[in-house]
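The values are calculated or read from the model by the stated rules, or taken from the named source; none is laboratory data. If you're wondering where the values come from, they're calculated on a predicted model, not measured in any experiment. We place every Cβ from the backbone using ideal geometry, glycine too, and count neighbours over all the protein chains shown. Surface areas here come from the heavy atoms of the whole protein model, side chains and all, with no ligands, DNA or RNA. Shrake-Rupley method; radii C 1.70, N 1.55, O 1.52, S 1.80 Å.
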Amino acid sequence: MTLQPKNLLIIGGGPCGLITLRNCLHRGTFSKVQLVERRDDVGGVCPNFKTRYQNHTPDHRSRWSTPAYPGLIGNVIPEFLSFSEHPFPAPPREHQPFPTLAETNAYLKEFARPFIENIRLSFEVTGVEEVEGGGWAVRMKNWNKGGAVSEETWDAVVITTVWFDNPHFPDIPGLQELQQQQPNKVQHAINWTGPHSDYEGKRVLVIGNANSANEMAAQLAPVAQTPIYRSTRRISVFPSLPDTRIQDIGPVSRYTTDGNNKITAHVQDEASIENVDIVLFGTGYYPHVPYLRVLHPDPDSQTRDRTLVPLTSRAIMPTRIPSLHNQILYAHNATLAFIGAPTSFIPFTLADLTSTWLSLAWSGLIQIPHTPRARLNPNNPSDLINFHFLGRYEMEYARGLREDVVRVNEWLDGVLARWDDEQVGRRFAYAKKMESLRASRD
């Protein structure tokens, strides 16, 4: 099947959106490419905290959270934060190879500068709907004009806002009631801004032991009541420094409250943790695009009309964006694409590759299967890959896309990351992360 849309809209001005913009402009054959970003600056998940909204702004736009937080120490070295043809500067600090958020934000802003005429800031997408007969209707609020609403039609749409608006909370008995009755006591890393005075002397339970949970526990240790409890289900691959002020416990099986509105966490096979003031979740995010509606693939049996339905929902199990071809194209209408759907050890590098593949596919150079059924195979929802966790298949997946790209554009062979065996050892920078944590502590 040859797909050649001419007018493209990219939603989201974070790393995935910016690299998609560059690659569609430079590696595709399109008449018009634009990017819209709801905030007043680019950066997405790598914000400049000096300009981050702290409350509702005077024009009543929302305060959009981010999974990043002050003091975050990354685990991706500059090589894999570099977009092709645009290397990331080496950090100037000895024993700390990981760029800061400010350095990453500066890199993204400098990368975006040549394309600024193709970027509209403070445009919030509130609706994307598939149009019968072709195209996509996109509704937006223009916060440069007080939230004025407009609608545009585009041949194709790329969505890069997949994960990080959607905090995941585990399904544990008593948690939903606790969230409803005492919402301030149930918090998530998406709203974490550091160990401020509200945590002083409080008994805190942190849920999770990936990067954000580990760092929140470490930041809380000098401030909150000790020990800080950290509930984990399994051994973590994410490094963290030993700290006697942090006590690891097993999974929580149930939450209850007492007469003083204190929380009790009932721990599997262990004593309960009583008198908890705050439960802080570092339990990740789930993929969901609430503003997107597509035409149902099957017409109504009576009217033969196709109705608009949400593509994503928390009710889809396992939670995922369904019906994707190559983790990129919506199988039932391949003029809708997602960049950033699969989780990756090196997300900048993977987004560079997937958006290059997309620009060539939409330019008619890379052929895709002719029918939705062919584009859906394989589509086993129990397969980890199909709900976006590539894991050990990441290299195989990336190599397949890279082969498609180089087959139609040999020049890109010398530009894109190699995705070879020599690269593998450098992707997993956990030993360097441990060294950087020690350097930051000392």
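What to note about this one:
- Residues of the range 239-255 that turn out to be closer than 9 Å to residue 267 by Cα, part of a loop (DSSP other than H, G, I, E, B) and basic (Lys, Arg), as a count: 0
- Any chance residue 267 is more than 24 Å from residue 359 (Cβ to Cβ), touching a His at 6+ places or on another chain (Cβ under 6 Å) and without any contact (Cβ under 8 Å) to a residue 60 or more places away in the chain: no
- Test for residue 206: is it β-branched (Val, Ile, Thr), crowded, with 19+ Cβ neighbours inside 10 Å and in a loop (DSSP other than H, G, I, E, B): no
- In the range 401-432, the residues that are open to solvent by less than 90 Å² (accessible area, probe 1.4 Å), modelled with pLDDT under 95 and either part of a helix (DSSP H, G or I) or aromatic (Phe, Trp, Tyr) (or both): 419, 423, 424, 425, 426, 427, 428, 430, 431
- Taking residues in the range 70-92 that are at pLDDT below 80, and partners anywhere that are assigned to a loop (DSSP other than H, G, I, E, B) and open to solvent by 50 Å² or more (accessible area, probe 1.4 Å), the pairs with Cβ atoms closer than 7 Å and at least 6 places apart or on different chains are 70/49; 70/193.
- All conditions but one from (1) among the basic types (Lys, Arg); (2) in contact with a helix residue (DSSP H, G or I) (Cβ under 8 Å, 6 or more places away or on another chain); (3) surrounded by fewer than 16 Cβ atoms within 10 Å (Cβ to Cβ) apply to residue 230; the one that does not is (3).
- Test result for residue 259, in a loop (DSSP other than H, G, I, E, B) and touching a residue at least 24 places away in the same chain (Cβ under 8 Å): no
- Residue check, residue 194 out of contact with any Leu (no Cβ under 9 Å at 6 or more places or on another chain), small (Gly, Ala, Ser) and open to solvent by less than 20 Å² (accessible area, probe 1.4 Å): yes
- Residue in the range 122-138 that is polar (S, T, N, Q), open to solvent by less than 40 Å² (accessible area, probe 1.4 Å), more than 30 Å from residue 238 (Cβ to Cβ) and in contact (Cβ under 8 Å) with a residue 60 or more places away in the chain present: yes
Rundown of residues vs (1) surrounded by 24 or more Cβ atoms within 10 Å (Cβ to Cβ); (2) part of a helix (DSSP H, G or I); (3) at pLDDT 95 or above, yes/no style:
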| residue | (1), (2), (3) |
| --- | --- |
| 1 | no, no, no |
| 4 | no, no, no |
| 20 | yes, yes, yes |
| 23 | yes, yes, yes |
| 26 | no, yes, yes |
| 34 | no, no, yes |
| 39 | no, no, no |
| 44 | yes, no, no |
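- Restricting the range 295-313 to residues that are among the hydroxyl-bearing types (Ser, Thr, Tyr) and over 12 Å from residue 132 (Cα atoms), the residue that is modelled with the highest pLDDT: 312
- The requirement of being farther than 30 Å from residue 261 by Cα, open to solvent by less than 30 Å² (accessible area, probe 1.4 Å) and aromatic (Phe, Trp, Tyr) is satisfied by residue 163.
- Candidate set from the range 95-113 (those that are open to solvent by 30 Å² or more (accessible area, probe 1.4 Å) and in contact (Cβ under 8 Å) with a residue 60 or more places away in the chain); member that is farthest from the chain's Cα centre (by Cα): 95
- Residues within the range 147-184 that are under 30 Å from residue 203 (Cα atoms) and outside any loop (DSSP other than H, G, I, E, B), tallied: 10
- Within the range 180-191, considering residues that are open to solvent by less than 70 Å² (accessible area, probe 1.4 Å) and within 24 Å of the chain's Cα centre (by Cα), the one nearest to residue 210 (Cα to Cα): 189
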